[in-house]
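The values are calculated or read from the model by the stated rules, or taken from the named source; none is laboratory data. These figures come from a predicted structure and were not determined experimentally. Ideal geometry is used to build each Cβ from the backbone, glycine not excepted, and the neighbour counts take in all protein chains shown. Accessible surface areas use protein heavy atoms only, side chains included; no ligands, DNA or RNA. Shrake-Rupley method; radii C 1.70, N 1.55, O 1.52, S 1.80 Å.
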Amino acid sequence: MSLPCRLVSLLLGIVLIIQSITLTVQQNVIYAINAGGDSHVDSHGIKYARDPLMGKTGTESDYGKQLLMINRAKPNDELLYQTERYHHDTFGYDLPLAGDGEYVLILKFCEVYFNAPNMKVFDVLLNNRHMVVTDLDIFSLVGKGTAHDEYVYFTVSRGRLYFKEEDSEIRGGKVKLEFLKGYKDNPKINAIVLIKGYDEASLPRLTPLVSEQPPQEILGDTILNEAAPTGDGDVQTDAKAKHRKTSGPKQPNPYSLDESSMMLPVFIAIGAFIPLLFCLCRL
């Protein structure tokens, strides 16, 4: 076999591997919604359904569309971070399960309004018991207009849900996911994905943060401690910033494999040359 033919075979193998990983993620998705928005298919082929709470609970908003771009998100995924659902009180979704096994819940967030930390802070509760995200301050973590994903790993076995060192009873084959009203502004969510039987290497990942500097230094914003009007609810004053707490042993680093997502454009570029190399092979 000539060198061009061997190269073509290698590249075809790489493309097939990428397609296999993408297909695996798609097949294992149990539930995916675009909060505050319509149905959408992301860059990983995951099909997000229209928000089931449309016109029922809270407020759907596309305020994020005013931003020219969402940092860390691929162009086809920006819409997921531009639409959101918020509420002046606690609200949530019922997540369907698919039997026993390991699950990962991906919660997608993006701060599209505030220009400083300590303005919107809230918690996320799973199955009425497990505080899976505590004191979430999106701006404090990544800044404004920047995608941020929270990964929640749990296991289901014999009618019970296990999260870290806690467990709780599952009723009706579903679990409740709630965004709790915090002491700062209103809880919100941009998109939700629930995956069963996942492979850690195949999970969708955001690109790493460009800088490790505090978000307020990156954006050049001034830290505010006073109340300010918001596009998605009321703000309460508080001179002290509340630090985020962990809810148990440290979970796997959700960005430890982000470098893999950075290689995808390279593979795509290589794949674009396959037809050319195939022609060379036939010469």
Once Lys47, Lys188, Lys74 are ranked on solvent-accessible area with the largest value leading and a 1.4 Å probe, the list reads Lys47, Lys74, Lys188
What FRET efficiency would be calculated for the residue pair Glu166, Ala49, taking the C-beta separation as r and a Förster radius of 35 Å, to the nearest 0.05?
0.75
Whole-Hz Karplus couplings 3J(HN,Hα) for segment 181-190, θ = phi - 60° and coefficients 6.51, -1.76, 1.60, Gly and Pro as x, run 4, x, 7, 10, 6, 10, x, 8, 8, 9
Send over a whole-number figure in Å² for the accessible area per residue of segment 71-198, probe 1.4 Å.
32 Å²
Residues meeting the amide H criterion for Tyr31 (H placed from the backbone, H to H distance under 5 Å, 5 or more places apart or on another chain) are Leu194
So how strong a dipole does segment 146-210 carry about its Cα centre when Lys and Arg Cβ are +1 and Asp and Glu Cβ are -1, to the nearest 20 debye?
300 debye
Residues meeting the amide H criterion for Arg205 (H placed from the backbone, H to H distance under 5 Å, 5 or more places apart or on another chain) are none
